[in-house]
Each structure stands twice: as C-alpha cells, then as structure tokens.
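One structure, pasted below without further comment.
Only the coordinates and a few stated rules stand behind these numbers; no lab work does. Bear in mind the structure is a predicted one, so any value in this text is a computation, not a measurement. Cβ placement follows ideal geometry from the backbone for every residue including glycine, while neighbour counts extend to all protein chains displayed.
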C-alpha cells in the first residue's frame with residue numbers, strides 16, 4: 001500500500017475520476033471517418049489535414065485522431081472533478097519519481113481541455129489528466145440519439161497484459177481504482193483471467209485480461225478494445241446494422257455480459273483494435289457491492305464473426321513474439337503489484 005507524506009495527497013480520489021477522451025494515432029483517416037460517423041454514428045469534426053475529432057456529447061473532444069504509424073490508442077485522458085484532485089494525482093506521480101509534462105496550449109486545444117498534464121502509463125499508453133473540458137455550442141450532427149457519459153465517464157478500455165498485477169497496481173496507486181470483479185474464460189484453448197477496475201460508479205473503466213500461467217500478450221495493439229455506451233437499445237441495434245451494411249468487420253455478435261449485464265457487440269476498427277458499443281450496464285452501489293468471479297464473459301451471444309484457423313494461429317504467433325518483447329510498465333507507480341483477492 002502506498003503512503004504519502006502529505007495527508008491531502010493520501011486522500012482518496014475515487015469517484016472524482018472519469019474516462020474523458022482517447023487519442024488514436026492512425027494513417028487511415030478516410031476509413032476512420034466512415035467508421036466513426038456512418039457506422040458508429042458519432043459527431044465528426046476535421047481540425048486540419050492531420051487531426052480530426054469525434055464527439056459524443058457537448059464536450060468538444062471524446063476521440064482525437066492524429067496522423068501517425070501506430071494504428072493504436074496512444075493516450076488516455078481522465079477528467080478530474082476539480083483542481084484539488086488534479087493536484088493530488090500530480091503530487092502522487094511526482095512523489096514516486098515519475099516525470100510529469102505540462103501539455104502545451106495547442107495540445108490542450110486539440111483535446112478540448114483547459115489544463116493538461118501527461119505522465120507515463122502501462123504498455124506505453126500515456127496517461128493525461130485534465131480538469132475543465134471545453135463545451136461546444138455547436139449542435140451535434142450524428143446518427144445516434146445520444147451516448148451515456150456524465151458521472152460514469154464515457155465508457156471503458158480493455159487491455160491485455162503479461163504483467164496484470166503491476167497494471168492493476170498502477171491504476172490503484174494513481175487513481176484509487178477499486179476491484180469490481182473477475183471473469184475466468186477459455187478462448188481457443190487459452191485460459192484467461194480478466195480483472196475489472198472502477199474509478200467511479202461505472203462497473204469498470206479499465207479491464208485487464210491476462211493468459212493464466214503464461215507471461216504472453218496475444219494482441220498486437222496496446223488496447224484490445226474500447227467501449228462507449230449507447231443511450232438506447234434502438235441506437236445499439238441501428239449501429240450494429242450500419243456496421244454490417246458498410247462492410248466493416250464484426251469481431252463479436254450481439255450478446256450480454258455475465259458481470260455488468262451490458263448488452264453489446266464488438267466491431268473491428270480501421271486500426272485493428274475492437275470497438276464495443278454497449279447498452280444498459282449495471283451501476284455499482286458502493287454500499288453493497290462485493291467482488292466476485294464469473295465463469296465466461298457472456299450469458300449469451302458475443303459469438304466470433306468470420307474467424308478462421310489462420311486468425312487463431314496468428315494470435316498464437318503474436319503471443320510467442322511477445323515473449324521476446326518485454327511489456328512496458330511503470331514500476332515506480334505499480335508497487336509490487338496488487339495480488340488477486
């Protein structure tokens with residue numbers, strides 16, 4: 001357990017942290033524009049030839065896409081309730097000897113925020129914190145009727161890891177993340193353990209999946225999938241239909257999860273990681289919630305779409321290659337890792 005010299009720094013920030021935006025680096029702007037606006041149904045804004053944004057609500061930016069070769073999520077932005085929380089988290093990071101960098105005025109403008117700080121995160125995903133999102137007066141132009149954000153944040157990210165206890169330790173140290181539950185699942189013969197962490201009332205803002213007993217990572221991208229929450233079942237169904245009609249790859253069909261009860265599907269983005277559109281997950285009641293373990297990720301559905309034996313072999317190949325490519329961690333912020341309960 002981490003302790004800090006200043007009692008204010010040691011006060012919990014749980015509940016004051018919300019997933020705010022993601023930064024994606026890609027050279028596939030044309031495909032991403034079609035995917036985000038015409039398939040998923042978000043609002044789209046072009047900033048210049050090398051930048052574009054998607055909106056879900058009145059916040060100016062929920063997804064920032066910048067030109068580059070990564071074809072991956074490269075930064076996660078966390079909206080903090082106030083300057084006190086901002087300063088607590090900054091003090092924690094600096095107290096552990098981890099460098100923080102103030103975002104430039106241009107970087108803050110691109111993300112639609114007023115105060116921006118960046119520091120290293122697991123798997124090379126930069127963690128960015130901010131306090132005041134800029135609200136846009138421009139009405140939303142999108143195919144969806146709306147998306148659930150607010151106190152729950154805008155959704156979640158799921159990450160595969162060969163060092164899951166260190167990753168859980170990182171988010172516990174920095175954001176006071178709490179364990180919601182576990183899922184045990186077997187996929188293509190591999191036994192997975194998935195840890196679900198929350199930083200507010202949303203069932204989870206971070207999911208960490210690991211292969212049991214093997215320090216391998218079978219996914220090329222840093223983020224395995226990201227999630228946004230549709231305002232209605234009709235929105236989910238219509239976006240599912242559009243993904244099919246426009247010819248984008250579907251990773252998993254519609255299904256319902258065992259732990260958060262969310263109804264959802266998974267599409268494959270132009271960059272290769274997956275995009276989950278969900279509806280109606282449970283909201284955690286802190287007074288009564290107890291972590292538990294669920295067997296299997298789905299009550300029904302979530303069936304693989306179009307997977308071949310070649311796809312499965314490629315996953316095993318990526319897992320083997322990961323043994324020679326040590327996962328990037330931030331040991332100073334991860335402690336000795338958080339052991340499973």
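If R0 is 22 Å, what FRET efficiency do you get for residue 46 and residue 143 from their C-beta distance, rounded to 0.05?
With R0 = 22 Å, the Cβ-Cβ based efficiency is 0.80.
I've got another one for you. What FRET efficiency comes out for the pair residue 83/residue 33, r = Cβ-Cβ distance, R0 = 45 Å, nearest 0.05?
E between residue 83 and residue 33, to the nearest 0.05, is 0.80.
Sorted from fewest to most neighbouring beta carbons within 10 Å, what does the list 117, 65 look like?
Ascending number of Cβ neighbours within 10 Å: 117, 65.
Label 7 Å along Cα→Cβ of residue 305; the stretch 216-254 residues with amide nitrogen under 15 Å?
What the label zone holds, given the 15 Å backbone N cut-off, is 236-254.
Suppose we keep just the alpha-carbon trace of the stretch 150-334; what are its Rg and Dmax in angstrom?
When restricted to Cα atoms, the stretch 150-334 yields Rg and Dmax of 16.3, 47 Å.
Another question about this same structure. Find how much the distance from residue 192 to residue 105 grows on full extension, using 0.36 nm per residue of separation minus their present alpha carbon separation; answer in nm with one decimal.
Full extension from residue 192 to residue 105 adds 27.1 nm.
Can you tell me the order of 80-91, 253-264 when each peptide is scored by its average per-residue count of other Cβ atoms within 10 angstrom, highest first?
Going by the mean number of other Cβ atoms within 10 Å, highest first, we get 253-264, 80-91.
Report, to one decimal in Å, the Kirkwood hydrodynamic radius for the stretch 222-306 based on all distinct Cα pairs.
Radius from the Kirkwood sum: 13.7 Å.
Additional query: Looking at the stretch 2-147 only, what percent of DSSP beta bridges run antiparallel? Nearest 5 please.
Antiparallel bridges make up about 75 percent of those DSSP assigns within the stretch 2-147.
Kindly rank 14-24, 31-41 from highest to lowest mean number of other beta carbons found within 10 Å of each residue.
14-24, 31-41
Counting DSSP beta bridges in the chain, what percent are antiparallel, to the nearest 5?
75 percent
Another one. Computed from the mean reciprocal separation of all distinct C-alpha pairs, what Kirkwood hydrodynamic radius does the stretch 7-130 have, in Å?
15.4 Å
Going from the alpha-carbon gyration tensor of the stretch 95-242, what semi-axes, largest first and in whole Å, does one get by taking the root of 5 times each eigenvalue?
In descending order the semi-axes read 28, 24, 14 Å.
Okay, moving on. With 32 Å as the cut-off, how large is the P(r) tail for the chain, expressed as percent of Cα-Cα pairs?
25 percent
Per DSSP H run of n ≥ 4, the term is -39500 (n - 2.57); total these for the chain, divide by its residue number, and report the mean residue ellipticity at 222 nm rounded to 500 deg cm²/dmol.
Result for the chain: -6000 deg cm²/dmol, rounded to the nearest 500.
Calculate the all-directions average of the projected area of the stretch 201-258's alpha-carbon convex hull, and give it in nm².
6.0 nm²
Next up: Using the C-alpha gyration tensor of the stretch 6-71, what are the square roots of 5 times its eigenvalues, in whole angstrom, with the largest one first?
Equivalent ellipsoid of the stretch 6-71: 31, 15, 10 Å, largest first.
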